[in-house]
Amino acid sequence: MIPVMLGVVLVIFVMLSLSPGDPAVQMLGPDATPEQLEELRDDLGLNDPFLVRYVKYVWNLLHGDLGTSYTTKQPVAKEIFERFPTTLLFTTLACIVGAIVGILFGIVSAVKQYTWFDNVSRVIALIGISVPSFWLGLMFIIWFSVGLGWFPSSGFYGPKYWVLPSLTVGLVQASNVMRQTRSAMLDVVRQDYIRTARAKGQSEMKVIFSHELPNALIPIVTVLGMQFGRGMGGSIISEQVFAIPGIGMLMTNAIGNLNYPVVQGGVLVIALSFSIVNLLIDILYAFIDPRIKSLYSGKKRVRKTKNEFVREPGKESAANG
Amino acid sequence: MSHLLEVKNLKKYFKTANGALHAVDDVTFTLDENETLGVVGESGCGKSTLGRTVLGLHDATEGEIWFDGENITNVSKAKFHELRKEMQIIFQDPYASLNPRMTVGDTIAEPLQIYGMFTEGNDRDVRVKELMDLVGLDQRFINSYPHELDGGRRQRIGIARALALEPRFIVCDEPVSALDVSIQAQILNLMQDLQEKQNLSYLFITHNLSVVKHISDKIMVMYLGQMVELSDGKELFVSTLHPYTKALLSAIPRASIHQNRQRIILKGELTSPINPKPGCRFAPRCNYATPACFEKNPALEEVLPNHFVACHNVKEINGL
Amino acid sequence: MANNTVKAAPKKNSQAKEVWRRFKKNKLAVAGLVIIFILIIAAILAPVIAPYGYDDQDYSATLIRFSKEHLLGTDNLGRDILSRLLYGSRVSLTIGFISVGIGLVIGGLVGAISGYYGGVLDDILMRIVDIIMAIPSIILAISICAALGPGLINTMIAVGISSIPNYARILRSSILSIKQQEFVEAATAIGASDARIIAKHIIPNSLSGLIVQASMGVGRAIISAASMSFVGLGIQPPNPEWGAMLSFGRTYFRDYGYMVLYPGLFIFIAVLSMNLIGDGLRDALDPRLKR
Amino acid sequence: MSLLDIKNLTIHYETDAGCVEAVNDVNLKLEKGETLGLVGETGAGKTTIALGIMRLVPDPPGVIKNGEIFFEGKDLRTLREKDMRKIRGGRISMIFQDPMTSLNPVKTVEEQITEVIRLHQKLSKAEAERKACEMLELVGINAERITDYPHQFSGGMKQRVVIAIALACNPELLIADEPTTALDVTIQAQVIEMMIKLKNDLQTSMILITHDLGVVAEMCDKVGIMYAGEIVEYGTLEDIFDGEQHHPYTVGLFGAIPNLDVETDRLTPIEGLMPDPMNLPEGCNFCPRCKYADEHCKTANPVSHEVGEGHFIKCHRFAKEG
């Protein structure tokens, strides 16, 4: 994970150093003299060679220093971590909505394959993955906030504020989760051991929840992890819609102001939390599937990334009979 | 006299996470024109690896392969390209061994295309139809896709593809195991006919002793990568010498209700030959094992004329 | 399952025909195709069929909800929304298809090399892909856009690059599994060269997943680009890209909801159509699936 | 009263592409303690009959069109699902073909054996666990391995676990679907030996589904030969293996397998292919491949004729003797 993070820093660093804008101009305004600009650039370390800046940044990073914001002169770390809990809460709530709705509908859809319920939920899920979430958010605001006045449309200060943003992002995520759950369940439903369970005289409910679901969990958990990442990343958009004071909002402003340290810090924190979630999911795999556990305890470290577990949603194994 | 195929002390090891897998360990045999050598063994005994190594689909770890008086062990790619015309393979799984996106005609024509044969006019088409006739595949299937056909017909496509280059030697890797009995008999008969017509030599790999007895001139029994018994003709069934072969033979359920034979039940299960310990690999399951069996690997010895066995106690067991 | 006797197959059915025959059976997918077709035509013919220019301002007719002259209303600058949407389809569809093209070509190449040759090269390429994948793709696209500056081409590049890892991974894993198949070994046995095996045996069998992903990718790219213009990066006004229109309408959306409703609806319909096509292709491209 | 009496069982799979007539008008009887072998090739309908008895035919697309299945005099088809569940695993058990896939990979062997025990017997958790250990020992696996997961066992061992699950509640009837087909010969011998012993010890009746006539010869008392959804010949082991009169398909089946004990230069395969189950011939299903077929066979589907006591052949050639 640490090499990946160093790579992430490098990627972001390279990109921002290619950027055509000049932070000094941005900060001092168009009236500044060339001398003033030069002095500021020196101050900000912008005149150092690329490698020096990179090494300096990583060195400071290891000491918990993400640099200083160009605009507020505050430490970036402080600015980010003031706002991080908001974004984390927002993303987590959305993921919970996505998980509950998606898994539930996915299971029922798979169990009742080709019934009206399945057909309707599949169409809804397809709609869900096709709708731009920021537009859905605006529509929700029009209906539930402006129209019905049920929920506030901006800010993130309490449960009442949480509803609309979490539902917006959560329902889009639920569509993805539902498609994955359905196809994972359908794969499992046809397995011989499910027939064995029925042949034991086990009830249908138990077959579903204690035999089918545990075996379908790996792809489901994987897609949940990916949704978390997307939620974190998407906060840059969705926080705009609902005026949520999180990292996304911070970054959008920073990009506009060429406030590089904040942009770098934001990307890094998001990538880091995404990686941590993925790590947790890797660990979770071992608890879900004993075969993976024994692979880990084996001699060879297995390099199987989560994405290889994800099946193409909607792909159904060949006909039943 | 030189043999068509001569394999000397062939070894093929694979590197695995847990050590070297001795898939084929010191195998020696010869095969003449128009002859069939049956290779029998249970899963993991290395019989498929043996066939593929002989064909150069795997590099040999050690040992020599001579074909038509020439050493072809690990020769250059270009040389093997030439050899492909002489040596072909028929696969076990008639489903997986055909490209699902190529028609029957294209699949059979592919080798001809690769070697630039029959390029004049519609010669190639004629040749493909000839091959289809030869293997008993109706010409109307020429534009069908494999998934539209049943297992038996698919296996005929595989055979036609192998015959396209008019090889002299064919490795048959469990060609009938995936087929139903009535179809299996059709394919076995076809293969015998082809052998006669085209003067073919077969290395016939299977786990089915009845099939191997039916089709083979020579039989080799393998266990965990090693040969345990090799004999001419049906000799193996007349005087079975190695304890493993005996157990294998007795384990086969016979379609007859008048035999009160004593079934030999082996202890334990097959292991895998990863970093094998010295000693006979069959010893842990052998009913006759003595301490010596666990120390030294038995060498293949000619116990009866043209009948080779690798067992320390073969004489005692069989009262020879 | 496929034990049926085929009565007679005198004509060679081309692969494309077969796929089309199966695709046609899926009514939703055909509907998606028709809609995309209409949108493409509308985009091409925008100057002809649009009643107004995309930046024609008419201060005497601002914020009209509906009128005979302005079927979908006008914005605060009196620009005809329908005309802007029609012109906008040019921009959005171009971004969708071109950026998928970028991602597909580079990602496909990386995946193919990685999957077929394996070894150290594979390790290095996959490490890089891992790094890129640690950054959520929208953040990556926005960062690239921030670095390159706004504009149509930069947006396409940004969205395209951020989708590279996705395509690389898909092609790599499908090549890895097809490489294991016996028919590839069979091709080696009949003397086929590496190039032939890749071209005739591996690629045709591994493309289907990639094609499906690509068609759905067009939809994702349209959304990504729209999101970027929504937060003020990417396409800049007065360019009538759908996301940019949404962003512009946001100031007035509480009172004039239609200003954000229509552009969003267009994005949604375009993306939905591409997803329908993708779902349809998934079934149509797999010859082993039920008939 | 027979243990199992199947009358006119007909099962179809109704798919979009057409109707697969998997089982057509099958009659079967099984007495207590007997073993019945159902022999046939892929697609003959053997497994579908078994699933029909268990009422586990996947629905959709499978439909039991017609017939009765009397188990100890009660028609299983009329039972409520709740009562049927008590029979499954408790009084009728089933073993599936592939041991590699018939155990749940994420549950320990203990969980999987105790599950069936606790479903059908009023035992405490500890008692059920003790019973599970006993079952494991019974099938020749060290009870210490009870907490292992399926992937830690080899194929033969897994099949033993499957058998332990099937026999845990001491069922009256065991349906074994190709129980040894996926195993190597020497392992197959071990498993067959064990099954014969357990069957005798526990007094279980059995339906053995297989394509291997050798396995039938070793284990069965009665044999039903199946072709294209129908039982074409039915009789005792002696009738089938020794009798003079046979259905042409039975003769073909015996001729097609290479025999270890008899020297043959060429096999005599049954020419042609199984008919398309969506499009069965009008008359006798075997007619297109039968060398005795005449015009009558092409139009009229024969009924079963009793050629000797309890020996039935479904072929027009035996009509007179009937």
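The values are calculated or read from the model by the stated rules, or taken from the named source; none is laboratory data. What you are looking at is a predicted structure, and each value in this text was computed from that prediction instead of being measured. A quick note on method: Cβ atoms are made from the backbone with ideal geometry, for glycine too, and the neighbour counts reach across all protein chains shown. Heavy atoms of the whole protein, side chains included, go into the accessibility calculation; ligands, DNA and RNA do not. Shrake-Rupley method; radii C 1.70, N 1.55, O 1.52, S 1.80 Å.
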**Request:** Consider only pairs whose beta carbons are under 8 Å apart and that are at least six residues apart or on different chains; among these, list those whose first residue lies in region C:271-291 and is within 16 Å of A:Ser130 (Cβ to Cβ) and whose second residue is modelled with pLDDT under 85.
**Result:** C:Asp279/A:Gly314; C:Leu281/C:Val19; C:Leu281/C:Ser208; C:Arg282/A:Glu312; C:Arg282/A:Gly314; C:Arg282/A:Lys315; C:Arg282/C:Ser208
**Asked** Restricting attention to region D:255-302, which residues are among the β-branched types (Val, Ile, Thr) and either surrounded by 13 or more Cβ atoms within 10 Å (Cβ to Cβ) or touching a residue at least 12 places away in the same chain (Cβ under 8 Å) (or both)?
**Response** D:Ile257, D:Thr268, D:Ile270, D:Thr299
**Request:** Evaluate region A:54-70: report whether one residue or more is of a type in the set (D, E, K, R) and more than 14 Å from every other protein chain (Cβ to nearest Cβ).
**Result:** yes
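Restricting to region D:94-124, give me the number of residues that are among the polar types (S, T, N, Q), within 7 Å of chain A (Cβ to nearest Cβ) and buried (at least 20 other Cβ atoms within 10 Å of the Cβ).
2
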**Failed item in (1) in a loop (DSSP other than H, G, I, E, B); (2) away from every other protein chain (no Cβ under 14 Å); (3) open to solvent by less than 70 Å² (accessible area, probe 1.4 Å), with A:Tyr157 passing the rest** = (3)
**Request:** Go through region C:30-58 and count every residue that is assigned to a loop (DSSP other than H, G, I, E, B), open to solvent by 70 Å² or more (accessible area, probe 1.4 Å) and either under 19 Å from C:Trp242 (Cβ atoms) or modelled with pLDDT under 80 (or both).
**Result:** 5
**Residue list for region D:216-238, filter: free of Cβ contacts under 8 Å to residues at least 60 places away in the same chain and over 15 Å from D:Phe312 (Cβ atoms)** = D:Ala217, D:Glu218
**Request:** Only one of these is open to solvent by less than 10 Å² (accessible area, probe 1.4 Å) and in contact with a Cys (Cβ under 9 Å, 6 or more places away or on another chain): A:Gly233, A:Gly229, A:Gly225, A:Gly170. Name it.
**Result:** A:Gly170
**Pairs with Cβ under 6 Å, 6+ apart, first in region C:142-166 and β-branched (Val, Ile, Thr), second at pLDDT 90 or above and open to solvent by 10 Å² or more (accessible area, probe 1.4 Å)** = C:Ile144/C:Ile161; C:Val159/C:Ser224; C:Ile164/C:Ile106
**Complete:** All-but-one check, B:Gln92 against (1) open to solvent by 10 Å² or more (accessible area, probe 1.4 Å); (2) more than 14 Å from chain C (Cβ to nearest Cβ), failing number (2)
**Asked** Looking at region A:244-253, is at least one residue within 8 Å of another protein chain (Cβ to nearest Cβ), polar (S, T, N, Q) and in contact with a helix residue (DSSP H, G or I) (Cβ under 8 Å, 6 or more places away or on another chain)?
**Response** yes
**Prompt:** C:Ser227 is checked against (1) open to solvent by less than 20 Å² (accessible area, probe 1.4 Å); (2) over 30 Å from C:Leu63 (Cα atoms); (3) polar (S, T, N, Q) and fails just one. What number does that condition carry?
**Reply:** (2)
**Complete:** With criteria (1) in contact with a strand residue (DSSP E or B) (Cβ under 8 Å, 6 or more places away or on another chain); (2) over 29 Å from A:Trp162 (Cβ atoms), A:Pro75 comes up short on (2)
**Request:** Test B:Leu266 against the criterion of being at pLDDT below 90, open to solvent by less than 50 Å² (accessible area, probe 1.4 Å), under 26 Å from D:Gly156 (Cα atoms) and part of a helix (DSSP H, G or I), and give yes or no.
**Result:** no
**Message:** One residue is enough: does region D:221-235 have a residue meeting the conditions modelled with pLDDT of 90 or more, under 30 Å from D:Lys107 (Cβ atoms) and in a strand (DSSP E or B)?
**Reply:** no
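Only one of these is under 16 Å from the mean Cα position of the chain (by Cα) and either within 20 Å of C:Lys24 (Cα to Cα) or part of a loop (DSSP other than H, G, I, E, B) (or both): C:Asp279, C:Asp255. Name it. Step through it out loud before you land on a result.
Values: C:Asp255 fails: under 16 Å from the mean Cα position of the chain (by Cα).
Result of the check over C:Asp279, C:Asp255: C:Asp279.
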**Asked** Here are some residues: C:Ser215, C:Ser224. Which one is away from chain B (no Cβ under 14 Å), closer than 30 Å to B:Asn99 by Cα and part of a helix (DSSP H, G or I)?
**Response** C:Ser215
**Asked** Filter region A:189-221 for residues that are at the interface with chain D (Cβ under 8 Å from one of its Cβ atoms) and among the basic types (Lys, Arg); which is least open to solvent (accessible area, probe 1.4 Å)?
**Response** A:Lys200
**Prompt:** Could we say that B:Phe282 is closer than 30 Å to D:Thr210 by Cβ, open to solvent by less than 10 Å² (accessible area, probe 1.4 Å) and out of contact with any Asp or Glu (no Cβ under 7 Å at 6 or more places or on another chain) here?
**Reply:** yes
**Complete:** Filtering region A:166-205 down to residues that are in contact (Cβ under 8 Å) with a residue 12 or more places away in the chain, assigned to a helix (DSSP H, G or I) and of a type in the set (Lys, Arg) yields A:Arg179, A:Arg182
**Prompt:** Under the condition of being within 17 Å of C:Ala187 (Cβ to Cβ) and polar (S, T, N, Q), which residue from region B:87-129 is nearest to the chain's Cα centre (by Cα)?
**Reply:** B:Gln92
**Message:** Of all residues being touching a Lys or Arg at 6+ places or on another chain (Cβ under 9 Å) and surrounded by 24 or more Cβ atoms within 10 Å (Cβ to Cβ) in region C:152-186, which is farthest from C:Gly107 (Cα to Cα)? Just the residue, please.
**Reply:** C:Ala186
**Prompt:** Looking at D:Thr204, is it under 27 Å from A:Gly201 (Cα atoms), open to solvent by less than 10 Å² (accessible area, probe 1.4 Å), more than 12 Å from every other protein chain (Cβ to nearest Cβ) and of a type outside the set (A, V, I, L, M, F, W, C)?
**Reply:** yes
**Asked** Of the residues that make up region D:295-315, is at least one of a type in the set (Phe, Trp, Tyr) and modelled with pLDDT under 90?
**Response** no
**Message:** Whether any residue in region D:253-266 is over 27 Å from B:Phe237 (Cα atoms) and either modelled with pLDDT of 90 or more or part of a helix (DSSP H, G or I) (or both) is what I want to check.
**Reply:** no
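Limited to region D:166-182, what total is found for residues that are open to solvent by 20 Å² or more (accessible area, probe 1.4 Å), closer than 27 Å to B:Asp180 by Cβ and not small (Gly, Ala, Ser)? Can you show your working first?
Let us first name the residues in region D:166-182 that are open to solvent by 20 Å² or more (accessible area, probe 1.4 Å), namely D:170, D:172, D:181-182.
Checking the rest, the ones that are also closer than 27 Å to B:Asp180 by Cβ come to D:181-182.
Subset that is not small (Gly, Ala, Ser): D:181.
Number of matching residues: 1.
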